[in-house]
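K.L.:
This is the structure, below, for whatever I ask next.
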Amino acid sequence: MTRTIEIIDYDPAWPDTFAGLSSALAAALGPLALRIEHVGSTSVPGLGAKPIIDIDVIIESPRLLPLVVEGLGTLGYSHEGDGGIPDREAFGRAGAMVPADGSGRVWPAHHLYVCPSGSEELQRHLRFRDYLRSHPDSAARYEALKRDLAHRHANDIDAYVAGKSAFVERILAVDGGEARG
């Protein structure tokens, strides 16, 4: 199925949406979740983005993953593996009512990942998010790039992602650890 890539203006409801999702995840995972982080463009105030909330659940160790898979399964998530990215496990959902937390709520689109606390991918997510939060000029350039890429590659997510890669890598290189999550 091909989805059209669309960048929309920042929605001030995104932090509340994340808070609701985080609450449902925390209730199902209890102490297995050390932290639950809102990452990706929707976590940067004022930044236009695809309207998809990105969530990283941080766990102490990969050895806890089977228990996390079980806990997230109670909400209707399915483990999809690491997709070729070490220490970042992806989870899919069967429908809009996942997480099925008993509220009957229809949840907006979101991506759910589980990372051990020492995960390099987790650190990249947090550093990039924190950099954009503290550098509005870079966030504005990133948004302009994303809008251009979405216009040029509206139905090609791989080209869209590839087009953002150099910008992301430059920020992470410039950051040099300045912003830590």
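K.L.:
State, in angstrom, two size descriptors of the stretch 52-181 derived from its alpha carbons: Rg to one decimal place and Dmax to the nearest whole number.
P.N.:
Rg then Dmax for the stretch 52-181, in Å: 16.4, 44.
K.L.:
How tilted is helix 157-175 with respect to the longest principal axis of the chain? Cα atoms for both, answer in degrees (0 to 90, nearest 10).
P.N.:
80
K.L.:
May I ask for the angle, rounded to the nearest 10°, between helix 136-152 and the longest principal axis of the chain, with both axes built from Cα atoms and the value confined to 0 to 90°?
P.N.:
Helix 136-152 sits roughly 90 degrees off the main axis of the chain.
K.L.:
For G48, what residues show an amide H to amide H distance below 5 Å, using hydrogens built from the backbone and excluding near sequence neighbours?
P.N.:
Y10
K.L.:
Taking the chain as the reference, fit the longest principal axis to its C-alpha atoms, fit the long axis of helix 14-29 to the helix C-alpha atoms, and give the angle between the two in degrees, 0 to 90, nearest 10.
P.N.:
Roughly 30 degrees, rounded to the nearest 10.
K.L.:
So, one more: Grab the beta carbon distance between R3 and E120, set R0 = 45 Å, and tell me the FRET efficiency rounded to 0.05.
P.N.:
Working: r = 28 Å, r/R0 = 0.63.
Computed FRET efficiency for R3 and E120 comes out at 0.95.
K.L.:
Per Stokes-Einstein, at 4 °C and 1.567 mPa s, what whole-number D in µm² s⁻¹ belongs to the stretch 56-127, with the Kirkwood radius over Cα pairs as the hydrodynamic radius? Could the numbers behind the result be given before it?
P.N.:
Numbers: Rh = 12.7 Å.
For these conditions, the coefficient is 102 µm²/s.
K.L.:
Given Cα pairs under 8 Å that are at least 6 residues apart, what percent is the relative contact order of the chain?
P.N.:
Numbers: 290 pairs, mean separation 41.2, N = 181.
Relative contact order for the chain comes out at 23 percent.
K.L.:
So, one more: Explain nothing, just compute: Karplus ³J(HN,Hα) = 6.51 cos²θ - 1.76 cosθ + 1.60, θ = phi - 60°, for every residue of the stretch 117-134 in order, whole Hz, x for Gly and Pro.
P.N.:
Per residue, the Karplus-derived 3J(HN,Hα) values read 4, x, 5, 5, 5, 4, 4, 4, 4, 5, 5, 5, 4, 5, 5, 5, 4, 9 Hz.
K.L.:
Oh, and also: Suppose R0 equals 25 Å; then what is the FRET efficiency for D82 and A173 from their Cβ-Cβ distance, rounded to the nearest 0.05? Kindly include the intermediate steps, with their values, before the conclusion.
P.N.:
Values: r = 24 Å, r/R0 = 0.96.
The formula returns an efficiency of 0.55 here.
K.L.:
So if I average 1/r over every pair of distinct C-alpha atoms in the stretch 22-65 and take the inverse, what Kirkwood radius in Å does that give? Don't skip to the end; give the middle numbers.
P.N.:
Working: mean 1/r = 0.0857 Å⁻¹.
It works out to 11.7 Å.
K.L.:
If each DSSP helix of 4+ residues adds -39,500 (n - 2.57) and the sum is divided by the residues in the chain, what number results at 222 nm, nearest 500 deg cm²/dmol?
P.N.:
Working: 5 runs with 76 residues, N = 181.
It lands at -14000 deg cm²/dmol.
K.L.:
Could you work out how far the C-alpha centroid of the stretch 116-178 sits from that of the stretch 4-43, in angstrom?
P.N.:
Each part reduced to its Cα centre gives a spacing of 18 Å.
K.L.:
Please report, in debye to the nearest 20, how large the charge dipole of the chain is about its Cα centre when each Lys and Arg carries +1 at its beta carbon and each Asp and Glu carries -1 there. Let's see the in-between values first.
P.N.:
Numbers: 18 positive and 25 negative charges, 41 e Å.
Roughly 200 debye for the chain.
K.L.:
Roll a 1.4 Å probe over the protein heavy atoms and report the accessible area of K50 in Å², nearest 10.
P.N.:
About 50 Å², ignoring ligands and nucleic acids.
K.L.:
What FRET efficiency comes out for the pair A140/A162, r = Cβ-Cβ distance, R0 = 25 Å, nearest 0.05? If you can, show how the numbers build up before the last one.
P.N.:
Working: r = 21 Å, r/R0 = 0.86.
It comes to 0.70.
K.L.:
Among I53, I36, I157, which one shows the biggest mean-square fluctuation in a GNM of the chain, springs joining Cα atoms closer than 10 Å?
P.N.:
Judging by the Gaussian network model, the answer is I157.
K.L.:
A further question follows. When the distances between all Cα atoms of the stretch 112-181 are binned every 10 Å from zero, what whole-number percent does each bin get?
P.N.:
19, 44, 33, 4
K.L.:
What is the sum of charges around G40, taking Lys and Arg as +1, Asp and Glu as -1, for the other residues whose C-beta is under 14 Å from the C-beta of G40? Intermediate results must be reported in sequence, preceding the final value.
P.N.:
On the way: positive: K50, R88, R124, R127, R129, R133, K146, K164; negative: D11, E37, D54, D56, E121, D130, E143.
Spelling it out: positives minus negatives among the neighbours equals +1.
The values are calculated or read from the model by the stated rules, or taken from the named source; none is laboratory data. The structure presented is a predicted model; accordingly, all values stated were derived computationally and were not measured. Note: ideal-geometry Cβ built from the backbone for every residue, glycine included; neighbour counts use all protein chains shown. Areas reflect the complete protein model, heavy atoms only, side chains present, ligands, DNA and RNA absent. Shrake-Rupley method; radii C 1.70, N 1.55, O 1.52, S 1.80 Å.
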